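Report on the following structure.
The values are calculated or read from the model by the stated rules, or taken from the named source; none is laboratory data. If you're wondering where the values come from, they're calculated on a predicted model, not measured in any experiment. Positions of Cβ are backbone-derived with ideal geometry, glycine not excepted, and every protein chain shown enters the neighbour counts.
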Amino acid sequence: MITTGPIRSICCIGAGYVGGPTMAVIADRCPHIQVTVVDLNAERIAAWNHDDLTRLPVYEPGLDAVVGRARGRNLHFTTAVDDAIAQADMIFLSVNTPTKTRGVGAGQASDLRWIEASARQVAAAASGHTIVVEKSTLPVRTAEAVKAILSAAQGTAGGTKTFSVLSNPEFLAEGSAIGDLENPDRVLIGGEDESAIEALASVYGQWV
């Protein structure tokens, strides 16, 4: 087991309804941590960076104030995905998992291609030891799929690349997301690496 040091840099892949508000609150409450939200959708990133806070791509009461306090200080939005991954101690995967429209499980099972693509990008771009947090309303076993992809990458780059995978499901309700994040009734963290679990718990522990 690798002992994890204090978290100084967080990257979140996915600037949508979960990733944007969650990272904004983490940045607001943890000013000592640099938080970078990445997305391939340049239009969405531009909206997060817009001078007019009423133009944010996600509307949640109170979100504009939180973003206004943290953005430019320790909250950043960018399309430079690989750079942010390489610099991060901890990476949140907050990408879409739509219901499959064809093939086995169509109409019922979740389509994991975006989460798997994100895991492959993390595997390629990460350096050193990285904690990867699967953060969404994903089905059970998604963390296992992520772990399998990252395990295949361990030992590359001269054996210096290692990963710990955690599951941290979200329970945000539309309209009350900021209140739910700032004062959650529960925070669930699942994983096998005690040091990584403690590292994530210590982030939430700054205010929860």
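Filter the range 28-39 down to residues that are surrounded by 13 or more Cβ atoms within 10 Å (Cβ to Cβ) and either out of contact with any strand residue (DSSP E or B) (no Cβ under 7 Å at 6 or more places or on another chain) or of a type in the set (Gly, Ala, Ser) (or both), then give me how many there are. So that I can check it myself, show each step before the final result.
Our first condition is that a residue be surrounded by 13 or more Cβ atoms within 10 Å (Cβ to Cβ); within the range 28-39, this holds for 28-31, 33-39.
The next check asks that each one be either out of contact with any strand residue (DSSP E or B) (no Cβ under 7 Å at 6 or more places or on another chain) or of a type in the set (Gly, Ala, Ser) (or both); those that pass are 28-31, 39.
So the answer is 5.
Here residue 25 meets each of (1) touching a residue at least 12 places away in the same chain (Cβ under 8 Å); (2) farther than 18 Å from residue 183 by Cα with one exception, condition (2).
Considering 199, 117, the condition of being modelled with pLDDT of 80 or more and under 24 Å from residue 66 (Cβ atoms) is satisfied by 199 alone.
When residues of the range 157-208 are filtered for being in a helix (DSSP H, G or I) and surrounded by 12 or more Cβ atoms within 10 Å (Cβ to Cβ), how many remain? Working first, answer last.
In the first step, residues of the range 157-208 are kept if they are in a helix (DSSP H, G or I); the result is 157-159, 177-182, 194-204.
Next, only the ones that are surrounded by 12 or more Cβ atoms within 10 Å (Cβ to Cβ) stay: 157, 177-182, 194-204.
The total comes to 18.
Is there any pair with a first residue in the range 167-186 that is at negative phi and a second that is among the acidic types (Asp, Glu) whose Cβ atoms are under 6 Å apart and which are 6 or more apart or on different chains, and what are they? Matching pairs, first to second residue: 167/134; 172/180; 177/60; 178/60. Whether a residue is over 22 Å from residue 45 (Cα atoms), modelled with pLDDT under 95 and touching a helix residue (DSSP H, G or I) at 6+ places or on another chain (Cβ under 9 Å) was assessed, and residue 127 passes this test.
Does residue 52 satisfy being over 22 Å from residue 177 (Cα atoms), out of contact with any helix residue (DSSP H, G or I) (no Cβ under 6 Å at 6 or more places or on another chain) and either modelled with pLDDT of 95 or more or crowded, with 16+ Cβ neighbours inside 10 Å (or both)? Walk me through how you get there before you give the answer.
Working: over 22 Å from residue 177 (Cα atoms): no; out of contact with any helix residue (DSSP H, G or I) (no Cβ under 6 Å at 6 or more places or on another chain): yes; either modelled with pLDDT of 95 or more or crowded, with 16+ Cβ neighbours inside 10 Å (or both): yes.
No, not satisfied.
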